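Okay, so here's the structure we're looking at.
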Amino acid sequence: MPESKNYFIGIDIGGTTVKEGLFDEEGNLLGKVSVPTPPLIDEAGYAAVVGGIEQLMAEAQRPILFVRGIGLAIPCPVPASGNITMMANIQIDATGLAEALRERCPHAVVRYVNDANAAAMGEIWQGSAQGAQNMVMVTIGTGVGGGVVINGDVVYGAFGAGGEIGHMCLNPGESRTCGCGGFGHLEQYSSASGVVSNYLRECQMRGVEPIELSGPSDSRSVFQACREGDKVAWAAVETMTDYLAQALSIIAAIVDPDEFLIGGGASASADVYLEKLIEKYQRFTLTVSETTPIKVAELGNDAGIIGSAYVALRAAK
Ligand SMILES: [Zn+2]
């Protein structure tokens, strides 16, 4: 029988899949399951999540009473109070689900955390930012998310907007709207869909036929075109890095972190833009924070389960 008696569950609730991971205190991943996301608003939905924990503990041959913490990463703002009022594109009754989890795992603390914030905590625990106390992570996917870690803890914010870096307004004169309804937000220029939209605008302005794209957030093809020397694609990436570098320099003036991390799907194309980003960041930022490293995140798809388990582990201590 294993000696350790403290286990932690990280649950990453996405639009299509719920991923669950079982961890020991040292952070070893002992098992993983995933199920299609049910509507998390009734007993049937809760049972799907609880069932995942039961399966993980059974497979690892540990009693369920040894679960000391359950962290749930969700794609919407989570205020420090834990009172979640705003829902994105998933159906979830946060209170009901937490109650169902506590009932099945009576010795566990249950904590919600925004998914981008969870990813930042995951990188601190097991990824590129291990050991950093102050770190800011920018997640570049369809949108731009972020996580701000200060003194080892994620900044939730009074209303849950802590780390919503994608919605910094950097171009108030913009006439197109951001996904949130605002104007000129970072996300509009520096997310995967932002890069595509920068690119299509450049094509239109120059009267150039765009390359074939698989969809409105296919930044991967635009980055590939850059690698092949496409000047129009490069212009789109210049716009992306202009705004992202501005955002990082503003954050540096407020938080002055040990390091920045770039994560999310578009971090796989960092070979195209990271050097440019660093160069512009150094140009825009205050001299004292010029040398702040900007690195690429490591954990990929597991960041959510790792980070949410870590949030639960810290809460249990
Ligand atoms: Zn916005």
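The values are calculated or read from the model by the stated rules, or taken from the named source; none is laboratory data. None of these values were measured; they are calculated from a predicted model. No Cβ is skipped: glycine too gets one built from the backbone with ideal geometry, and neighbour counts run over all protein chains shown. The protein model used for the area step is the full one, side chains on, heavy atoms only, and it has no ligands, DNA or RNA in it. Shrake-Rupley method; radii C 1.70, N 1.55, O 1.52, S 1.80 Å.
When the convex hull of its Cα atoms is viewed from all sides, the stretch 1-71 shows a mean projected area of 4.6 nm². Taking all Cα pairs closer than 8 Å and separated by 6 or more residues, the relative contact order of the stretch 158-261 comes to 24 percent.
Straight-line reach from Lys19: taking Cα to Cα under 17 Å and skipping same-chain neighbours fewer than 8 places apart, the lysines in range are Lys32.
Over the stretch 208-317, Cα pairs under 8 Å with separation of 6+ residues give a relative contact order of 29 percent.
Cross-link partners among lysines for Lys317, C-alpha distance below 21 Å, same-chain residues fewer than 8 apart left out? Within reach: Lys5. Residues whose amide H lies under 5 Å from that of Tyr112, counting only those 5 or more places away or on a different chain, are Leu72; hydrogens are built 1.01 Å from N in the peptide plane.
For the peptides 266-275, 281-290, 298-307, the ranking by mean Cβ contacts within 10 Å, running from highest to lowest, is 298-307, 266-275, 281-290. With every protein chain in place and a 1.4 angstrom probe, the accessible-area ranking of Trp125, Trp234, largest first, reads Trp234, Trp125.
To the nearest µm²/s, what D does Stokes-Einstein give for the stretch 33-133 at 37 °C and 0.692 mPa s, using the Kirkwood radius over alpha carbon pairs as Rh?
223
Near Ala315: Cβ cut-off under 14 Å, other residues only, Lys/Arg at +1 and Asp/Glu at -1. The net charge is +3. Taking only alpha carbon atoms, the chain gives an Rg to Rh ratio of 1.00, where Rh is the Kirkwood radius. Over the residues of the chain, the helix contribution to mean residue ellipticity at 222 nm works out to -12500 deg cm²/dmol, using -39500 (n - 2.57) for each DSSP H run of at least 4.
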